[in-house]
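Please read the structure below before turning to the comments.
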């Protein structure tokens, strides 16, 4: 059996009914992959008894670290930030796995880890079949078609955060913010692979609606890049230029044409100047917000942190406790 150290960061939110069984299955699967394993469970601000169920499981399951974050909403950006918090609290490992404890089957773990051991930097599990409505699937096909038309990545691959990463890929993420998680499979220099998903998702996963898909699409665009803000800034710049040209056209009509209706020139100039100033203001705000999003890592707050009663990594590091 390989002595490669393994760290698994599992995000959870509002899954009190299934979290205990899912955590036990994950621990069993991880123990069969590597003897040196650490599981970091990150709760994304659940409003049910999910945190209590995880803390109860710490008494019987070793090598588990539990982080309970403040509620930051629900979406891909929040999940990526939870993954980043888990990686920062994990002991340095050769392979790091990111997964959603309630949705991703642990049966896929051996193939992901084996792929990274063979030299792949980022091994991503293919997105599983969606349980959404017909309207959800139609909107998803339209959205994916638009992205392919503009030469962008397939959102199903980007939306799947179930992946195993090498040490250098993990180091890259820790030097950047949570948006790098979405872009990591497509970055040049990292060897990546997409593997089939093995096993079924746990029962009880809610059926996705069109609003869920819209929230996911918006989250993918806003959490991984500043392209939407750049687009808004460009539109505002074009609008300001067109408003200036309209002002010049109104003045030219007033000078060259003698039968202009009374008040028309004044009204045209007022509207043109107003829209020009508004476009400049919105464009400046977009540039400012884009600069803030690149200036540092989004903050997260750990409400409480718990550990298993038996932690092998601490024993190897000669750490006696807190």
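Fully extending the segment from residue 301 to residue 24, taken as 0.36 nm per residue of separation minus the present Cα-Cα distance, adds 97.1 nm.
Note on residue 288 and residue 16: their simple-model spin labels are 4.3 nm apart, each label 7 Å out from Cα toward Cβ.
Compute the Cα gyration tensor for the stretch 227-295, then decide on rounded, prolate or oblate, letting a ≥ b ≥ c be the square roots of its eigenvalues: rounded whenever a/c is under 1.5, prolate when a/b is larger than b/c in the other cases, and oblate in all that remain. The shape class here is prolate. The stretch between residue 265 and residue 47 holds 72.6 nm of extra length on full extension. This uses 0.36 nm per residue minus the Cα-Cα distance.
Multiply the residue separation of residue 107 and residue 175 by 0.36 nm, subtract the distance between their alpha-carbon atoms, and state the gained length in nm to one decimal.
Details: separation 68, 0.36 × 68 = 24.48 nm, distance 3.03 nm.
So the chain would gain 21.4 nm between residue 107 and residue 175.
Quick note: the coordinates plus some simple rules give every number you see, no bench work behind them. Keep in mind that this is a model prediction, so the values were computed, not measured. Cβ coordinates were reconstructed from backbone atoms using ideal geometry, including for glycine residues, and neighbour counts include every protein chain displayed.
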